[in-house]
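Here is the structure we will look at, set down as C-alpha cells.
The values are calculated or read from the model by the stated rules, or taken from the named source; none is laboratory data. As the structure is a prediction and not an experimental result, all values here were calculated from the model. Neighbour counts run over all protein chains shown; Cβ positions are idealised from the backbone, glycine included.
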Amino acid sequence: MLKKINFLFIPLLLFCFFCLILYRGLFNDPKVVSSPLLGKQVPNISYPVLNQAIGEINIKDIDGPYLINIFASWCLPCVEELPVLINEKNKKRVKIIGVNYKDDPVNANNWLATYGNPYDVVLFDKDGMKSIDLGVYGVPETFFIDTNKIIKDKKIGVLDAKFVSDNL
C-alpha cells in the first residue's frame, strides 16, 4: 500500500513543479530580453547602404554616441516610434542609424518617403543574417552605442523618449 501512495505522489509533485514554473512566467516582461552584447564593443558588421549599389558601412567605424534602429516597411510599430526618432534627429544630440531589416528596397524607400526619414544613414539587411550578430530578434529594436563604441542599452519594441533620455 505504501508503494502505491509513493507512486501516485511523484506525478503530483511533477505537476506542482510545472505549475510553479508556469505561474512564475506570468510575471516576466516579454519585452525584457537580456542581450549578451550589453556592455561589450559593438560587433564588426558591415552593411550595404540602402540605395547605393556599391558601398558598405561598418557599424564599428561610426563615431558615437549613436542609436541603431532596426525597422521595416511591413512593421506597424515602427511607424509608432517615428515621432521619437524624428524628435531626436531635430535635437541633434545623437546620430541615428537605420537598419532596414528583411525588406524590399523599393518598399523601404516608399515607407521613408511616406512617413519621413529620421536616419542619418539607412543600412540594408535583406535577409536579416547580418543583424543576428548584433543580437536582433525582430523589429523594432534599438541599440544605444556610447562614445567608446560600447553597447550600453537595447530596447525591444517601440522606442520611447525615456529610453533615449536615460542613455544620453
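Can you give me the number of residues within region 51-71 that are in contact with a helix residue (DSSP H, G or I) (Cβ under 9 Å, 6 or more places away or on another chain) and either buried (at least 21 other Cβ atoms within 10 Å of the Cβ) or at pLDDT below 90 (or both)? Walk me through how you get there before you give the answer.
Going through region 51-71, the residues in contact with a helix residue (DSSP H, G or I) (Cβ under 9 Å, 6 or more places away or on another chain) turn out to be 51, 65-71.
Restricting the remaining residues to those that are either buried (at least 21 other Cβ atoms within 10 Å of the Cβ) or at pLDDT below 90 (or both) gives 51, 66-71.
Summing the residues that are in contact with a helix residue (DSSP H, G or I) (Cβ under 9 Å, 6 or more places away or on another chain) and either buried (at least 21 other Cβ atoms within 10 Å of the Cβ) or at pLDDT below 90 (or both) in region 51-71 gives 7.
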Index of the failed condition, TYR47 passing every other in (1) outside any helix (DSSP H, G or I); (2) aromatic (Phe, Trp, Tyr); (3) modelled with pLDDT under 90 | (3)
Could you check LEU159 against (1) of a type outside the set (Val, Ile, Thr); (2) touching an Asp or Glu at 6+ places or on another chain (Cβ under 6 Å); (3) assigned to a helix (DSSP H, G or I); (4) over 22 Å from ASP61 (Cα atoms) and say which number it fails?
-> (3)
Only one residue in LYS162, LYS95, LYS126, LYS102 is touching a strand residue (DSSP E or B) at 6+ places or on another chain (Cβ under 6 Å) and of a type in the set (D, E, K, R). Which one?
-> LYS95
Expected single match for within 15 Å of LEU82 (Cβ to Cβ) and modelled with pLDDT of 90 or more among ASN117, ASN148 is ASN117
So is PRO77 out of contact with any Phe, Trp or Tyr (no Cβ under 8 Å at 6 or more places or on another chain), over 15 Å from LEU38 (Cα atoms), assigned to a helix (DSSP H, G or I) and in contact (Cβ under 8 Å) with a residue 60 or more places away in the chain or not?
-> yes
